[in-house]
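A short write-up of the structure that comes next.
Every number in this text was worked out from the coordinates using simple rules, so none of it is lab data. Quick caveat, the model's predicted, so the values are computed rather than measured. Cβ coordinates were reconstructed from backbone atoms using ideal geometry, including for glycine residues, and neighbour counts include every protein chain displayed.
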Amino acid sequence: MASAPTRPIAIDRPALSPRTLAWLALGVGLVVLGLRWCVLHRFGYEVPYWPEWRGAGILLFKPWVEDRLTWDHLFSLHNEHRHVLPRLWSLAFFAANGRWDPVLVQAANALVSAVNAALLVWFAGRAMSMAHARWLLLAAGVALVVPFDYADLLVSYPAEFFFYITLTVLAIACWTAEKIITGRLLGGAACAMLASLTVAAGPLVA
């Protein structure tokens, strides 16, 4: 009896090894960091941008210097946002540096953005072949390298968006892991709740 014709089985290319993926993520992160620091070195300026005078100078640094900073200063609304984490971030640099240095905060923000790029490549590339990873690297470069947000790069207040991305990626990574355990569920929930302390869109993560 003749056997039924069989269809060829498509064999997927092997996924990237963790070591290779780690190097790719590190490379993307370093490229993003290097390019953004080059922009800051060339165009950065130490004069605070106009929302920073009120959002950081009057609301945080003045009460800090006068020893009257309270929780209300950290949790008060800025339009529809509660910038608790970015305010703590800026205040930490102000206290450690002893003066207001927007360029220092801008450089640190670029580091957070580079970490975001590396995390996105790492988590998105875990199940990809090398061929697909090339497209991932291209997409990460187009989305995260300098030209599209150079104006925000030159001021320190966009830290809330960088932290929002970090917490969102970590929450999704915790909840979409191959093996879900209690610690990952709780970690994802914590990231989602902290995201609400960055920008008004934070509850969307939860």
| note | Two pseudo-spin positions, 7 Å from Cα along C-beta at His41 and at Arg19, lie apart in nanometres by 3.2 nm
| field | Inter-label distance, nm, simple model (7 Å from Cα along the C-beta direction), Asp67/Trp135 | value | 6.2 nm
| said: Just to compare against my own numbers: the Cα pair-distance distribution for segment 43-182, 10 Å bins, whole % per bin, please. | reply: 10, 35, 29, 18, 7, 1
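DSSP loop (so not H, G, I, E, B), at most 13 other Cβ within 10 Å: list which trypsin sites (Lys or Arg not before Pro) in segment 30-114 pass both filters. Provide the component values of the computation, followed by the final result.
Details: sites: Arg36, Arg42, Arg54, Arg68, Arg82, Arg87, Arg99; in loops: Arg68, Arg82, Arg99.
Here the trypsin sites (Lys or Arg not before Pro) that fit, given the DSSP loop and packing criteria, are Arg68, Arg99.
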| task | Work out the FRET efficiency for Leu26 and Arg184 from their Cβ-Cβ distance, taking R0 = 35 Å, and round it to the nearest 0.05. | result | 0.90
| query | If we sort 179-185, 164-170, 61-67, 132-138 on the protection proxy, mean other Cβ atoms within 10 Å, highest first, what's the order? | reply | 164-170, 132-138, 61-67, 179-185
